[in-house]
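The structure under discussion appears below in the form of structure tokens.
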Amino acid sequence: MRVSRLMLVTLRDVPAEAEITSHQLLLRGGFIRRVGSGIYAYLPLMWKVLQRITSIVREEMNRAGGLETLLPQLHPSELWKRSGRWQGYTAGEGIMFHLEDRQGRELGLGPTHEEVITTLAGEMLRSYRQLPVNLYQIQTKFRDEIRPRFGLMRGREFIMKDAYSFHADEADLQATYAEMDQAYRRVFQRCGLEAVPVDADSGAIGGAASQEFMVTAEAGEDLILISDDGHYAANQEKAVSRASDAVAIDAAPQSDAPSIVATPGQASINAVCASQGWHPSQLVKVLLLIARLEDGSDQPLLVTLRGDQELNPVKLANAVSRRVEQGVLDCRPITAEDLGRQGVDALPLGYIGPDLDDGLLARASSWPQRFLRLADSTATDLDWFHCGANAMDQHRSHCRWSDFGGAPEADDLRNARAGERCLHNPSATLQEKRGIEVGHIFQLGRKYSQALDACFTNENGRDEPFWMGCYGIGVSRLAQAAVEQHHDEAGICWPAAIAPFEAIVVIANIQDDTQTQLGEALYASLQQANVDVLLDDRKERAGVKFKDADLIGIPWRIVIGRDAAEGLVELVRRSDRSVEKLPHAIAIEKLLSSLRP
Ligand code: ATP
Ligand code: MG
């Protein structure tokens, strides 16, 4: 391909719309253009990268026994109503684009395909003899993300490889899951990416295993915790650790009852600790939240944590899910407006204790009249603690759980943090890194097959729902993550396996016949050797061409310049910008042997 015919439009300046380096470089290098919020055109250079990634993904999926298929992107709402996800995915902060057709029927644009594929499997796979089956597709997905950003990292239209496996029993699901884990490791390694597998949240489905693959990078949206002995890594959404010990309360209480302490204007942990000389780990803090449930109802929550701990929203949502009938959409703090709307009296926010009376909810117009009470084990483990007195400007010091009729049931609701000791090995500590989630594999179990009544006949002639796994790779996100991991100040350094071209021949001065002739000859011989090669034949200054070649990140560059008359060329490796001046035949030989070792 000739650069003059490539529609290459590169930008010198950093586009204002792009915050992170990989997004800036893809825009500047003419790989992508923004069409709308979270909507991008993949220009020819990008499309080549995406196709190379896709073919690696396809090879590895086929090798793992996958069958490629292509499912519709328009999903009739009935399927999603049957699984119980229509409401949650379309109402409120739901991420499914949805529409009505000319007959007034509701449709959604596929954000994921469990409903479609499980229904098909239920219709087609009747007997255990047909199992296992592992189907995959590579396709555009649609998600109306709340915060589309960072270019291809979080688009509203993006390319995903999604796979779904169907099994007669759990052991068979586990075997395929392990095989997909290996396939994923090969995909990322072949794409030239360093991706760390981490334990991931299994969400409302509970119990089943789930693992994410994280490309470690500063720009990552996920926080991951990795033990320094290398044996444990988890997304913070899921990570567990030993909390630091609480600072013991040393002053012996005068009486059995907690004493009331006046704490005017000390509604925060920091303020009350500063003025009372308490340590945050000696306090029990109580948060009031609202859980939004899938059926559209709300459940007020009263969540108790040790004062020095942070609430983990994912662990909280899971703990609520285990206690209510419907799925949980999200949890958020209760506001004064919520209380006003419900007709509930103002609460002493900042001074609430774990024994806040349910009676306060008696007048609530639509909420249930009881708090769902949850507590983190760091709080329930405390022998003595201080807490709010459920009255403005007052705390209680030296409380015991027996003062409140016993400690509440304990959950793990807190964030694990860097520096904390590991559960598996107390002498190992956790370290924090940021990560970009490029893949996710999941043992779904029977949640969808049960909901959608997708059954097969087992060996004993009885009908039972399939065991299912699902496996995603964010193909377009992966491409950008590769740039985030492989670039320098001059531009992108594509890993050879996914680069848009393998080599670029740059004719420094197109006016010079000797240079042009040698350049054309080398271009032709590389093409003959099946090298995917670019020829920069533009009438631009040499400096411009070199800058562009660096920016678009082709792994090898052959420069035909002043020494063309002596048959000498420069062979430049993009990754370390090392330069060798060589006779042209030797340069070609070296290039070929490094491309096809
Ligand atoms: P995230 O937590 O980043 O929103 P997710 O967990 O919702 O992602 P999955 O449903 O597991 O995503 O989708 C499989 C893969 O698709 C993810 O691992 C990720 O690489 C990719 N992906 C998900 N959402 C987007 C998006 N909005 N833009 C680009 N890629 C995405
Ligand atoms: Mg995921």
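The values are calculated or read from the model by the stated rules, or taken from the named source; none is laboratory data. Remember, it's a predicted structure, so these values are computed and weren't measured experimentally. Quick reminder, even Gly has a Cβ in these numbers, built from the backbone with ideal geometry, and neighbours come from all protein chains shown. Ligands, DNA and RNA are stripped out before the accessible areas are found, and what is left, the full protein with its side chains, is counted by its heavy atoms. Shrake-Rupley method; radii C 1.70, N 1.55, O 1.52, S 1.80 Å.
Taking the condition outside the structural domain of Arg186 (by TED's automatic domain parsing), closer than 30 Å to Ala262 by Cβ and at pLDDT 95 or above, does Asp393 pass?
Judged against the criteria, Asp393 is a match.
Out of all the residues in the range 168-205, which are more than 14 Å from ligand 1 (Cβ to nearest atom) and touching a His at 6+ places or on another chain (Cβ under 8 Å)?
Correct list: Leu173, Thr176, Gly192.
If I filter the range 561-584 down to residues being of a type outside the set (A, V, I, L, M) and free of Cβ contacts under 8 Å to residues at least 12 places away in the same chain, which single residue comes out as most open to solvent (accessible area, probe 1.4 Å)?
Step by step, filter the range 561-584, then rank; the result is Glu566.
Output the strands (runs of 3 or more DSSP E) that fall wholly within the range 266-379 and possess 3 or more residues being at pLDDT 95 or above, or say none.
Ranges flagged: 284-293, 298-306, 372-376.
Return the only residue of Arg414, Arg421 being under 17 Å from Ile224 (Cα atoms) and open to solvent by less than 50 Å² (accessible area, probe 1.4 Å).
One residue alone meets the criteria, Arg414.
Using the structure shown, decide if Gly519 is small (Gly, Ala, Ser), open to solvent by less than 30 Å² (accessible area, probe 1.4 Å), in contact with a Leu (Cβ under 7 Å, 6 or more places away or on another chain) and over 27 Å from Ser476 (Cα atoms).
In short, yes.
If you take the residues in the range 91-116 that are closer than 27 Å to Ser165 by Cβ and at pLDDT below 95, which one is farthest from ligand 1 (Cβ to nearest atom)?
Gly94
Please determine, by comparing only the residues of the range 435-453 that are within 16 Å of ligand 2 (Cβ to nearest atom) and among the charged types (D, E, K, R), which one is surrounded by the most Cβ atoms within 10 Å (Cβ to Cβ).
Glu437
Could you list, ordered by first residue, the pairs with Cβ atoms under 7 Å in which the first is in the range 171-190 and in the same structural domain as Val133 (by TED's automatic domain parsing) and the second is of a type in the set (Ser, Thr, Tyr), at least 6 apart or interchain?
Leu173/Ser165; Thr176/Ser165; Met180/Tyr471
Of all residues in the range 586-597, which are assigned to a helix (DSSP H, G or I) and either open to solvent by 80 Å² or more (accessible area, probe 1.4 Å) or free of Cβ contacts under 8 Å to residues at least 12 places away in the same chain (or both)?
The answer is Ile586, Glu589, Lys590, Ser593.
Inside the range 161-198, can you point out the residues that are open to solvent by less than 20 Å² (accessible area, probe 1.4 Å) and hydrophobic (A, V, I, L, M, F, W, C)?
Ala163, Phe166, Leu173, Met180, Ala183, Val187, Phe188, Cys191, Leu193, Val198
Just the residues that are under 24 Å from the mean Cα position of the chain (by Cα) and part of a loop (DSSP other than H, G, I, E, B), please, taken from the range 102-126.
Matches in the range 102-126: Gly110, Pro111, Thr112, His113.
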